[in-house]
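To start, the structure itself, in structure tokens.
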Amino acid sequence: MVKRTRYAEWKDSYKHYKFELSPEGILLMQCHTDGGPLQWMWESHDRMSDAFADIAGDRDGIRCVIHTGTGDSYNALWGKPVTEDETPLYHAYGDAEGVEIIDEKSWFGRMIIENLLAINVPVIAAVNGPCTMHSEVPVLMDIVLASEDTYFQDLSHYPRGMVPGDGQHVVWDALVGPSRSRYFLFMGHKLTAQEAKEWGVVHEVLPKEQLLDRAWEIAREIVKRPPIVNRNTKYVLTQSLRRAFLNELHHGLQAEMWGQRQFFPFGAGMQGLDRPWDQKPWSD
């Protein structure tokens with residue numbers, strides 16, 4: 001949910017996201033966990049939504065955004081629960097309170113997409129390594145650069161017993177077509193950076209040490225244009241994606257939430273299922 005914001009108000013508010021704003025108005029958003037590669041957990045998941053909302057709300061200082069990760073992966077690490085309170089979520093469907101928790105997480109999942117698309121300046125993704133969760137985030141950005149060791153894979157959904165409904169079903173169909181999208185999501189296909197470029201998802205593949213320099217080069221060229229031109233160009237070029245998500249994102253999230261009711265808890269971590277869905281992984 002976007003509202004009017006100022007960079008100075010929120011720049012130091014995020015544990016997993018580091019921000020730097022250049023004099024030209026280029027915002028660097030670097031994802032991390034304790035200074036290393038980002039670990040995907042509920043905190044980093046939910047706060048990404050909030051961070052995108054804050055960026056979208058600053059119309060004064062931000063002219064372009066560079067979004068990247070840290071270290072040897074962009075988003076390929078599943079974080080361990082920080083507190084005891086986080087663990088019961090995976091056994092939550094037994095009562096009304098659990099359903100409410102899952103419904104809230106579904107809302108945050110929707111806000112990640114809606115708030116990202118609400119950023120009305122060009123956004124450059126500098127994907128610095130493997131992305132096996134929420135790949136819809138970087139590939140939704142306007143210019144997608146990837147390091148040579150990057151690959152995309154949706155390990156967090158169908159391979160471990162979940163419906164890929166939190167944006168994967170929309171963005172991959174929109175970018176690569178329904179046939180490739182089905183293969184990618186059903187098979188847990190490991191899409192290399194070069195293959196992603198051939199599919200039209202990645203625009204440039206670079207050595208890792210050149211990735212951010214190239215992102216800055218593009219960003220400095222972009223901010224030479226008038227801010228209103230950049231904002232309105234971004235708006236008109238993302239209208240088809242906005243429509244696609246408006247039509248289908250909520251349906252997918254509900255399908256994902258409903259599917260979890262039959263198989264809960266689902267596969268541990270990012271491991272694929274090694275048993276039939278109705279075979280318990282524990283002893284009674």
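Rule-based calculations on the coordinates, nothing more; no lab input. These figures come from a predicted structure and were not determined experimentally. So basically every Cβ, Gly included, is an ideal-geometry build from the backbone, and we count neighbours across all protein chains shown.
Tabulated data
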quantity	calculated
Ranking of Ser156, Ser179, Ser13, Ser49 by count of other Cβ atoms within 10 Å, fewest first	Ser179, Ser13, Ser49, Ser156
On Cα atoms only, tilt of 178-187 relative to the major axis of the chain in degrees	50
Cα-Cα over 30 Å, subset of Lys15/Lys208; Lys11/Lys190; Lys208/Lys234; Lys18/Lys234; Lys11/Lys105; Lys105/Lys224	Lys11/Lys190; Lys105/Lys224
In degrees, nearest ten, helix 239-260 long axis to first principal axis of the chain (Cα)	20
Stokes-Einstein D for the range 177-263, Kirkwood Rh over Cα pairs, 10 °C, 1.306 mPa s (µm²/s)	95
Most positive-pole-ward Cα, Met187, His32, Ala215, against dipole of the range 7-260 from beta carbon charges	Ala215
Pairwise label distance in nanometres, Trp42 with Arg6, each label 7 Å out on the Cα-Cβ vector	3.4
Net charge, Ala76 excluded, C-beta distance under 12 Å - Lys, Arg +1, Asp, Glu -1	-2
Angle in degrees between helix 208-222 and the longest Cα principal axis of the chain, rounded to the nearest 10	50
Sorted by Cβ density within 10 Å, fewest first, the residues Tyr7, Tyr151	Tyr7, Tyr151
Alpha-carbon gyration tensor eigenvalues x 5, square-rooted, for the chain, Å	31, 21, 18
Ranked list, fewest to most other Cβ atoms within 10 Å of each Cβ, for Ile222, Ile143	Ile143, Ile222
Percent of beta bridges antiparallel (DSSP, the chain, rounded to nearest 5)	30
Debye, to nearest 20: dipole size of the chain, +1 on Lys, Arg Cβ, -1 on Asp, Glu Cβ	940
